[in-house]
Amino acid sequence: MSEVIEVTAWHCLSTISVRYEGKEAASHEIDLNQLGQSIQGLARIFALCSNVLLTGELNTRLETLDVRVVCAPVVEHRCFEVLAMVKSVATSKELWSGAFGAALAVVVQYVLSRREQDQMKYVNEGLKHFHDALQLALRNNQASTESVMNVTGKLVSLIEKLTDVLRPDVRHALSPIDRSCSRIDLYTEGHRLMTLSADHKHAFAGPDAIKSETPVPYVGVISEFDMATGACKITLDGEVSRIPAIVIDSAFNRPNNRYVRAMASADSIRFLAEADLDSGGNPVRLYISSSSEHDSERAAQ
C-alpha cells in the first residue's frame, strides 16, 4: 500500500528574478560551482530577510524558518536567469497583504548595498520606502497603527544585525561577478530592483574567512554589550584578545538578560554560536544564538 503524505500548501509571498549578465552568462552558460555559491548566498539572504519581516525575529537556521525559498522555471532566459520564489505555509500576515514584496525589496536592497561610504544613504532611503509600504497597508485597513509601529521598531533594531549576519552570504552571492558574469541584476514584478557590480563585490571583500556550518559551544567573558543591536566584544576562554560578536538570541534586548548580567559581574558565560573562522580555524567573529542550556548557568571560572 502506498503511503499517503499530506502536502502542506505553501503560498507565494514574493518572486525575485536573479539575472547573471555578461561574460559566459551572455551565452546562457555559467560556472556551476560559482553559481552554486551564489544561489546558496542569495537563498539565505532572501529567506532570512523574509523571515524577519514575517516574525519580527532573527533566526539563522534555514530549516526552522517560517519561509522557504524555491527555484521556479524561467519561461525565457535572459543571459542566465534564476527565478526565486519566497513561500510561507501561512498566507502573509494582514500587515503585509499587498505590501510584503515592497518591504522585502527594501530590506534585500539594504543588505546587498551596504557600503561604508554611503551606508547611511541606504538606511534613510530604505526606511522611507519601508514606511511608505506600511502606510499602504494602513490605508487598506489591513493593519492597526499599533501593529505598524511595533513592526517598524523591530525592523529598525534588527536591520544592522541582519546585515552583519548575512555579510559572508553576500560574498557568496557575488562570487560569479568578474568571473562567469560581469554583473547580477535583481528584478521584482518586472522592474529592476538593483544591479550588483564589481564595485559591490570589492566593497564586501574581506579577509578569507570560513563560516562554521552549525553552532558550537564556547565559553567567554563579555566586556561590551549594546542592548539596541546585540553587538558585543568577548574574550574567549584561554585567550587574551577580544573579538567582535553579535547576539542573535531573541533575549538580547530584554532588561537584565543573561548577557547583561554576565557582563556586569564579569562572569564567564557558556553559549552556542556560529563563527567566521580564519585560515587557521580560529574564530574572528561570533554569531551567538543562545546561552547555555540552563539560562541561569554560569561557566566555572
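Tell me, please, whether a residue that is modelled with pLDDT of 85 or more and outside the structural domain of Val170 (by TED's automatic domain parsing) can be found in region 292-300. There is no residue in region 292-300 that is modelled with pLDDT of 85 or more and outside the structural domain of Val170 (by TED's automatic domain parsing).
The listed residues are Leu58, Leu54, Leu42, Leu13, and the only one of them that is crowded, with 18+ Cβ neighbours inside 10 Å, in contact (Cβ under 8 Å) with a residue 24 or more places away in the chain, under 18 Å from Arg171 (Cα atoms) and aliphatic (A, V, I, L, M) turns out to be Leu42.
Scanning region 228-240 for residues that are farther than 12 Å from Val165 by Cα and at pLDDT 85 or above turns up Cys232, Lys233, Ile234, Thr235, Leu236, Asp237, Gly238, Glu239.
For the structure I just gave you, tell me whether Thr163 is assigned by TED's automatic domain parsing to the domain that holds Ala105, of a type in the set (Val, Ile, Thr) and at pLDDT 90 or above. Answer is no for this residue. Restricted to region 70-107, and to residues that are modelled with pLDDT under 75 and among the polar types (S, T, N, Q), which residue is nearest to the chain's Cα centre (by Cα)? Only one residue fits best here, namely Ser92.
Hey, can you tell me all the residues within region 172-202 that are buried (at least 18 other Cβ atoms within 10 Å of the Cβ) and part of a helix (DSSP H, G or I)? His172, Ala173, His200, Lys201 - these are the residues of region 172-202 that are buried (at least 18 other Cβ atoms within 10 Å of the Cβ) and part of a helix (DSSP H, G or I).
Of the set (1) within 21 Å of Leu58 (Cβ to Cβ); (2) in a helix (DSSP H, G or I); (3) under 21 Å from the mean Cα position of the chain (by Cα), all apply to Cys232 but (2).
Would you confirm whether any residue within region 57-66 is closer than 21 Å to Ser113 by Cα and modelled with pLDDT under 85?
Yes.
Restricting attention to region 29-36, does a residue exist that is surrounded by 18 or more Cβ atoms within 10 Å (Cβ to Cβ) and in a loop (DSSP other than H, G, I, E, B)? Looking for residues that are surrounded by 18 or more Cβ atoms within 10 Å (Cβ to Cβ) and in a loop (DSSP other than H, G, I, E, B), one finds at least one in region 29-36, hence yes.
Taken together, the criteria exclude Asp249 from residues that are modelled with pLDDT of 90 or more and of a type in the set (Asp, Glu).
Residue pairs whose Cβ atoms lie under 6 Å apart, separated by 6 or more positions or on different chains, with the first residue in region 265-288 and closer than 24 Å to Leu62 by Cβ and the second small (Gly, Ala, Ser) and buried (at least 20 other Cβ atoms within 10 Å of the Cβ), are Phe271/Ser291; Pro283/Ala275; Leu286/Ala245; Leu286/Ala273; Leu286/Ala275; Tyr287/Ala273; Ile288/Ala245; Ile288/Ala273.
The values are calculated or read from the model by the stated rules, or taken from the named source; none is laboratory data. What you see is a predicted model; the values in this text were computed from it and never measured. As a convention, Cβ positions derive from the backbone with ideal geometry for all residues, glycine included, and neighbour counts pool all protein chains shown.
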